[in-house]
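Heads up, the thing below is written out as structure tokens.
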Amino acid sequence: MSLQSFITGLPKAELHVHHVGSASPRIVSELAARHPDAGVPSDLDGLKQFFTFRDFAHFIEVYLAVVGLIRTPEDIRLLTYEVAREMAEGQNLRYAELTCTPYTSVLAGIAIEGYTEAIEDARVAAERDFGLVLRWIYDIPGESGIPAADATLEYALRHRTDALVGFGLGGPETGVPRAQFREHFDRARAAGLHSVPHAGETTGPETIWESLRLLGAERIGHGVSAARDPELLAHLAETGVVLEVCPTSNIATRAVDRIEDHPLRTFVDAGVAVTINSDDPPMFATTLSQDYEVAADLLGLDEAGVADLARAAVAASYAPDDVKARIGAEIDAYAAADRRVPGDTP
């Protein structure tokens, strides 16, 4: 079996993947056809050009245009269920923590009650139909400031479901100081939600330090610039804070110039815990399996090493213990079967 085939069939978990950003051209096309006034192409060729990013700011612009296609609870339900289908059937995902931004949907006129009901209905159906366990991370769109933080915290605390496990912070980092959200994260953490902000994707190590010290970050989304600060690397390694690494995304948004320059190897050599993720896969023309291939190449991994990456994602997840045990056993069985040669006993 080739390494590519091994990765495709490997049971996997993903911890850094965005709800709207997971909408494939097939899904976006269907949504665009429902809402032709949004200005998003509904034909697949047009969407390919639409998803060609000049820089991070342009990515945010395109991302928000897709957000604008989601106007009703039915749109939310369609998006969530179809994303789950593609994760399970195309990527062999067993578990995913989807980062959701309910604030933008509520601004579009969807009541938070309708939003919550839609994602929950899709979650239950996805587990039933595809065997995929979904959990939610609600994130603050940082560019929208304190009003968005206040609203997102309210949604998390007053309209919480058991599937909500984390509280995050996304959007542009430049000009969006972490300190202004300290109270929101304090309250979310007091309610039992895990702190998982983005940091150090397009800014320096200081944003990661702020996220650790002010927001109580337990995992860091991206963390690319940590590689520039040996003290920070040592701190991450010592404390076990996980970096959610998204290699292809970092190239697409110009956070890293060339894949050869990606700091993944630096993180691993420093003893920092990492997971591999796809971020906004269709928008970056990638999949989780492809990002595993990139990581395997950067780190020089064989099948056993790739299986360890899958185990690391499960270990760093906020999945229930029984789900962790089940997926871990699936990974072990799959890896053992791949190494078995004809004539071996099970």
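The values are calculated or read from the model by the stated rules, or taken from the named source; none is laboratory data. Just so you know, these numbers come straight off a predicted model, no measurement behind them. Glycine gets a Cβ as well: all are built from the backbone with ideal geometry, and neighbour counts include every protein chain shown.
Worth a mention:
- Test: residue in the range 160-178 that is of a type in the set (Lys, Arg), surrounded by fewer than 17 Cβ atoms within 10 Å (Cβ to Cβ) and part of a helix (DSSP H, G or I): no
- Filtered residue count, the range 14-33, keeping only those that are modelled with pLDDT under 90 and of a type in the set (Val, Ile, Thr): 1
- When each of Leu193, Leu214, Leu232 is tested for being out of contact with any Ser or Thr (no Cβ under 8 Å at 6 or more places or on another chain) and either more than 18 Å from Ala148 (Cβ to Cβ) or charged (D, E, K, R) (or both), the lone residue that passes is Leu232.
- Close pairs (6 angstrom Cβ cut-off, 6 or more residues apart or separate chains): within 14 Å of Leu78 (Cβ to Cβ) and modelled with pLDDT of 95 or more in the range 107-127, surrounded by 15 or more Cβ atoms within 10 Å (Cβ to Cβ) and among the polar types (S, T, N, Q) anywhere: Tyr115/Ser105; Ile119/Thr80; Ala122/Thr80
- Residues (surrounded by fewer than 13 Cβ atoms within 10 Å (Cβ to Cβ), over 20 Å from Phe6 (Cβ atoms) and either small (Gly, Ala, Ser) or touching a strand residue (DSSP E or B) at 6+ places or on another chain (Cβ under 6 Å) (or both)) located in the range 300-326: Ala325
- Residue list for the range 75-117, filter: under 27 Å from Pro197 (Cβ atoms) and part of a loop (DSSP other than H, G, I, E, B): Thr101, Ala108, Ile110, Ala111
- Within the range 46-74, the residues that satisfy the criterion of being basic (Lys, Arg) and part of a loop (DSSP other than H, G, I, E, B) are Arg54, Arg71.
- Cβ-Cβ under 9 Å pairs, at least 6 apart or on other chains, the range 23-40 side free of Cβ contacts under 8 Å to residues at least 60 places away in the same chain, far side among the β-branched types (Val, Ile, Thr) and surrounded by fewer than 20 Cβ atoms within 10 Å (Cβ to Cβ): Arg34/Thr72; Val40/Val62
- Candidate set: the range 250-283, residues that are free of Cβ contacts under 8 Å to residues at least 40 places away in the same chain, within 19 Å of the chain's Cα centre (by Cα) and in a helix (DSSP H, G or I); chosen: the one nearest to Tyr95 (Cα to Cα): Leu264
- Looking only at the range 204-249, residues that are in a loop (DSSP other than H, G, I, E, B) and not aliphatic (A, V, I, L, M) come to 7 in all.
- In a residue-by-residue description of the range 147-170, the property of being on the phi > 0 side of the Ramachandran plot and not hydroxyl-bearing (Ser, Thr, Tyr) applies to no position.
- Tallying residues that are farther than 14 Å from Val165 by Cα and not in a helix (DSSP H, G or I) within the range 118-142 yields 4.
- Residue in the range 68-88 that is buried (at least 21 other Cβ atoms within 10 Å of the Cβ), of a type outside the set (Ser, Thr, Tyr), over 30 Å from Ala325 (Cα atoms) and within 17 Å of the chain's Cα centre (by Cα) present: no
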